[in-house]
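The values are calculated or read from the model by the stated rules, or taken from the named source; none is laboratory data. Predicted model, so just to flag it, every value in this text is computed and none were measured. No Cβ is skipped: glycine too gets one built from the backbone with ideal geometry, and neighbour counts run over all protein chains shown. The accessibility values were calculated without ligands, DNA or RNA, using every heavy atom of the protein model including side chains. Shrake-Rupley method; radii C 1.70, N 1.55, O 1.52, S 1.80 Å.
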Amino acid sequence: MADTPAIELTGVSKSFGGFQALLGVDLTVAEGERVVVCGPSGSGKSTLIRCINRLEEHDAGRIVVEGVELSDDVDALDEVRREVGMVFQSFNLFPHLTVLQNCALAPMRVRGTKRAAAEALGMKYLDKVQIPGEAHKFPDQLSGGQQQRVAIARALCMEPRIMLFDEPTSALDPEMIGEVLDTMVTLAEEGMTMICVTHEMAFARRVADRIVFMADGEVVEIADPETFFTNPQNDRTRTFLDQILKQ
Amino acid sequence: MAVALAPPATDDNLMAWARRRLFSTWLDGLITVAFGALMIWAVARIVDWGVLDAVWTVAEKDRCREVDGACWSVIGARGRLILFGLYPHDEHWRSTLACIAIILTMGFSCIPKFWGLRRLPALWVAGFAIFILLMYGGILGLPVVRTEQWGGLSLTVFIFAAVVVIGMPLAVVLALARRSPLPVISGVANVIINFVRSLPLLAILFTAAVVVPFVVPDWAQGDKLVRVTLAFALFFACYQAEIIRAGLQAIPSGQEEAASALGMKYWSRVFDIMLPQAFRNSLPSTINQFVITFKETSIVTIIGFFEIMASGNAAVGTGEWVSQFVEVYVFVGAIYFAFVFGLSRYGAYLERRARLTHG
Ligand SMILES: Nc1ncnc2c1ncn2[C@@H]1O[C@H](COP(=O)(O)OP(=O)(O)OP(=O)(O)O)[C@@H](O)[C@H]1O
Ligand SMILES: [Mg+2]
C-alpha cells in the first residue's frame, strides 16, 4: 500500500450548465506530499479541490482518494470525507456553537466519540493552533485569524489524512495572515498530505513539494517551486507570476 | 491615537433634562403640556372608573346602577363561567389543575435545559397526558366530561399548546421537504402549503368539524375537538414552514458545506447546524406567529367550542349582567394580555440569548 497515491485524478471534467469549469484534469498527489494550486480567478481551483471531497460532483473522469473511488456510492463518500479535512476562505465556523463545540461536534456525530473524549480532542487541537484560551467563546468574538485557526483545529479533530485549503488567508487582514500560515507550515512539517489553493507565494516556495498552475479549467503547468518561480515553462504561467509578484 | 473627548453630559439634573428634551422650544413646550394634560386626564378617568368609583363584591351588586365606575361584581358572579365555560360546576378543580399543568409544561419548555430531541417530546407527552386525564376523566373515579363540555381558559390554552406542539414539527418537515432536491417531495410540500394557505382558517376548521363526519367512516372520525385541533395545527404548520424556510435560506451555503466536509450526515446537518440557526434567524416572525395563533384560537367558538372569548360573551349575553360587557372584556383582555405579553418578553429574552440584539 505504501505507493498508493493519496489522491489520484484522471481526466476529471466538470461543467456548470454550459460552462466548463474543469477540462480533463490529471493530478496525482502522493502520501505526505504538499501541493500548492494557483492560477487566475475563475480558473477552476476551488472547483478542483471541492471535487476531491465531492462538495461538487465531477461529470467525467475518475477521482480516487486513499484508494476509494468517488461515485454515487454513499458509503464510499462517507469514508472519503472522514479522511479529508477542508478549510474554507470564509471560515464557515458554526456561529451558534462555541469554539470547543465547533471542534467536538463532528467527532461525536460522525465517529460516535463520547462528549468528554471529543472535547479533550478539541482542546488538543486548539492547543496545537495556539488558542486554547478561546475555547468557550463564540466564533464572532474572535479575530479573523483566530477564527481560521479554529476552522483548522475543527478539521483536524476528525484526524484526517488529507487537508484541503481553499484560499485560507484571502479573507484575512494582512496582519493575521502570518499566524494562519504558521499553523499550516507546522502541519506541513508533520507530514500531512495537503492541497492548498493560495496566492501566498512565499508560503508556496517554503512548503510546497510541487506547484500546480491552472488556467481556464486546465492544469497548465506542474513544477517544483524552484523551477516554477525561476524557470516557468508556459507563457501563461509567466504572465501570472509577473502579475502576482509585482504586488 | 484618538484623543479622549469629554464625556457626554449626563442627565444628573432632572430639570436640565426636561428643559433640553421637553421644553427646548415654544412649540415643544406647548406639545409637552398638551399631551401631559391629556395623559393625566386619561389615567385619572381610568383609575376613577376601574378603582375609585368601582363596585367590587357580588354582595354590593345593587349599587352598580348608582355608581359611574366599573361593576367588578360581574367577575365574582360570572367568573367561573368565563374561566370554565360549560365544564360541570363540581369538577372545576379538575379544569383548574389541567390548565395549570399545560401552563407549567409551556413554562418548562421555555427553559433551554429542556430543549432536547428526547426531553421536549417527553415533557409534552406528560403534559398532555395529565391534561386529558384530568379534563376527560373516566378513571380514578373521575366522572367523564366529554370534550363538548370543555371550555374557558383551559380550552384556549389547550388548543394553543396542541396547535403549536403538533404544528411545529410538521412545519419543520414541510420546510425541509420544500427544499428537497427531489422534485416529488418538494412538489408535494409546495402543493400542501399553497393549498392550505389559500383557504381561510374558518373554512378549514369547518371542514374538519362539519364536513369530515359526512365523508369519513364513523370509526375513523375521532373526536370533533381532535379534528379541529389537527386542522388548526396543519394551518399553523403551513405558515410556520415558510417562516422556517426563510430562516434556512438566510444561512450561508458554507455552513452546510462545512458540515458535509466534516463528514456529517443529512440528519445531523439538519438538527445540529441548520435548524438551530434557522430558528434563530426566524425568531421574531416565529414569536409573531405564536401571538397570532394564540389570539386566533377564539375562532373555534364558531364551531361550537366555548373557549374563553365565547364564555366571556356568554357571561354577559343574557340576564342581569348584560350591561357589564366592558368589565368582562377588560377581564378577558387582561388574560390575553398576560399570555401575549409573556410570549413577547420571552421572545426578547431568546433574542438576547442568541445575541441577535444588544442590550
Ligand atoms: N455553482 C456554480 N455555478 C455556476 N458556475 C460556477 C459555480 N461554481 C463555480 N462556477 C464557475 O466556474 C468557474 C471556476 O470557478 P472556481 O470557483 O473553481 O474558480 P477559482 O479558480 O477558485 O477562482 P477564484 O480565484 O476566484 O476563487 C468560474 O468561472 C465560476 O464562475
Ligand atoms: Mg476559488
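For the stretch A:123-171, a residue qualifies if it is at positive phi and within 16 Å of ligand 2 (Cβ to nearest atom), and exactly one does: A:Glu167. Please determine, by comparing only the residues of the stretch A:142-151 that are among the polar types (S, T, N, Q) and surrounded by 24 or more Cβ atoms within 10 Å (Cβ to Cβ), which one is farthest from the chain's Cα centre (by Cα). This residue is A:Gln147. Within the stretch A:29-52, being buried (at least 21 other Cβ atoms within 10 Å of the Cβ), over 15 Å from A:Phe213 (Cβ atoms) and of a type outside the set (D, E, K, R) holds for A:Val29, A:Thr47, A:Cys51, A:Ile52.
Working carefully through the options A:Leu187, A:Leu142, A:Leu181, A:Leu164, find the one that is closer than 20 Å to A:Gln101 by Cβ and touching a residue at least 12 places away in the same chain (Cβ under 8 Å).
Numbers: A:Leu187 fails: closer than 20 Å to A:Gln101 by Cβ; A:Leu181 fails: closer than 20 Å to A:Gln101 by Cβ; A:Leu164 fails: closer than 20 Å to A:Gln101 by Cβ.
From the options A:Leu187, A:Leu142, A:Leu181, A:Leu164, the qualifying one is A:Leu142.
Among the residues of the stretch B:62-103, those that are open to solvent by 70 Å² or more (accessible area, probe 1.4 Å) and either under 12 Å from B:Ser154 (Cβ atoms) or of a type in the set (Lys, Arg) (or both) comprise B:Arg63, B:Arg65, B:Arg80, B:Leu86, B:Trp93, B:Leu97, B:Ile100.
Quick one: how many residues across the stretch B:304-341 are of a type in the set (S, T, N, Q) and surrounded by fewer than 22 Cβ atoms within 10 Å (Cβ to Cβ)? The number of residues fulfilling the criteria is 3.
Being open to solvent by less than 80 Å² (accessible area, probe 1.4 Å) and modelled with pLDDT of 90 or more: is that true of B:Ala54 here? Show your work before the answer.
Details: open to solvent by less than 80 Å² (accessible area, probe 1.4 Å): yes; modelled with pLDDT of 90 or more: no.
The answer is no for B:Ala54.
Matching residues to (1) touching a strand residue (DSSP E or B) at 6+ places or on another chain (Cβ under 7 Å); (2) in a helix (DSSP H, G or I); (3) farther than 29 Å from B:Val270 by Cα:
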site: A:Ala118; (1), (2), (3): no, yes, no
site: A:Asp127; (1), (2), (3): no, yes, yes
site: A:Gln130; (1), (2), (3): no, no, yes
site: A:Asp140; (1), (2), (3): no, yes, no
site: A:Leu164; (1), (2), (3): yes, no, no
site: A:Ile177; (1), (2), (3): no, yes, yes
site: A:Asp182; (1), (2), (3): no, yes, yes
site: A:Val185; (1), (2), (3): no, yes, yes
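For A:Gly145, the criteria (1) within 14 Å of chain B (Cβ to nearest Cβ); (2) modelled with pLDDT under 95 hold in every case but one, which is (1). Residues that are charged (D, E, K, R) and exposed (fewer than 13 other Cβ atoms within 10 Å of the Cβ) within the stretch B:23-51 comprise just one, B:Arg45. If the condition is being open to solvent by 80 Å² or more (accessible area, probe 1.4 Å) and free of Cβ contacts under 8 Å to residues at least 24 places away in the same chain, then the stretch A:203-238 contributes A:Arg206, A:Glu226, A:Thr230, A:Asn231, A:Gln233, A:Asp235, A:Arg236, A:Arg238.
Only one entry in A:Leu23, A:Leu55 is away from ligand 2 (no atom under 11 Å from the Cβ), surrounded by fewer than 20 Cβ atoms within 10 Å (Cβ to Cβ) and farther than 14 Å from A:Met194 by Cβ, namely A:Leu23. Applying the criterion of being outside any helix (DSSP H, G or I) and more than 14 Å from every other protein chain (Cβ to nearest Cβ) to the residues of the stretch B:279-332, the residue that is farthest from the chain's Cα centre (by Cα) is B:Thr318.
On the stretch given as the stretch A:152-189, residues that are open to solvent by 10 Å² or more (accessible area, probe 1.4 Å) and within 16 Å of ligand 1 (Cβ to nearest atom) total 5.
If you go through the stretch B:212-268, how many residues are within 14 Å of chain A (Cβ to nearest Cβ) and part of a helix (DSSP H, G or I)? Can you show your working first?
Filtering the stretch B:212-268 down to residues within 14 Å of chain A (Cβ to nearest Cβ) leaves B:247-248, B:250-268.
Restricting the remaining residues to those that are part of a helix (DSSP H, G or I) gives B:247-248, B:253-261, B:266-268.
So the count comes out to 14.
Only residues that are within 15 Å of B:Val125 (Cα to Cα) and in contact with a helix residue (DSSP H, G or I) (Cβ under 8 Å, 6 or more places away or on another chain): list them for the stretch B:100-114, please.
Within the stretch B:100-114, B:Ala101, B:Ile102, B:Ile103, B:Leu104, B:Thr105, B:Met106, B:Phe108, B:Ser109, B:Phe114 qualify.
For the stretch A:176-190, the criterion of a residue being in contact with a Phe, Trp or Tyr (Cβ under 8 Å, 6 or more places away or on another chain), away from chain B (no Cβ under 14 Å) and within 16 Å of ligand 2 (Cβ to nearest atom) is satisfied by no position.
Residue-by-condition table, conditions (1) in contact with a helix residue (DSSP H, G or I) (Cβ under 8 Å, 6 or more places away or on another chain); (2) touching a residue at least 24 places away in the same chain (Cβ under 8 Å):
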| position | (1), (2) |
| --- | --- |
| A:Ser13 | no, yes |
| A:Val74 | no, no |
| A:Cys103 | yes, yes |
| A:Pro107 | yes, yes |
| A:Glu119 | yes, no |
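Are any residues in the stretch B:187-198 surrounded by 14 or more Cβ atoms within 10 Å (Cβ to Cβ) and either modelled with pLDDT under 95 or under 27 Å from the mean Cα position of the chain (by Cα) (or both), and if so, which ones? Steps first, please.
Step one: filter the stretch B:187-198 for residues surrounded by 14 or more Cβ atoms within 10 Å (Cβ to Cβ), giving B:188-190, B:192-193, B:196.
The answer is B:Ala189, B:Asn190, B:Ile192, B:Ile193, B:Val196.
Determine, yes or no, whether A:Arg81 is within 13 Å of another protein chain (Cβ to nearest Cβ), crowded, with 20+ Cβ neighbours inside 10 Å and in contact (Cβ under 8 Å) with a residue 24 or more places away in the chain. Yes; evaluated as a whole, the condition is true for this residue. Examine the stretch A:48-65 for a residue that is in contact (Cβ under 8 Å) with a residue 60 or more places away in the chain and away from ligand 1 (no atom under 16 Å from the Cβ), and state whether such a residue exists. Yes: the stretch A:48-65 contains one or more residues that are in contact (Cβ under 8 Å) with a residue 60 or more places away in the chain and away from ligand 1 (no atom under 16 Å from the Cβ).
With away from every other protein chain (no Cβ under 14 Å), away from ligand 1 (no atom under 16 Å from the Cβ), of a type in the set (Asp, Glu) and surrounded by fewer than 15 Cβ atoms within 10 Å (Cβ to Cβ) as the only criterion, which of A:Glu69, A:Glu119 stands out?
Values: A:Glu119 fails: surrounded by fewer than 15 Cβ atoms within 10 Å (Cβ to Cβ).
None of the others qualify; the one that does is A:Glu69.
For B:Ile166, the conditions (1) touching a residue at least 12 places away in the same chain (Cβ under 8 Å); (2) assigned to a helix (DSSP H, G or I); (3) open to solvent by less than 60 Å² (accessible area, probe 1.4 Å) are fulfilled apart from (3).
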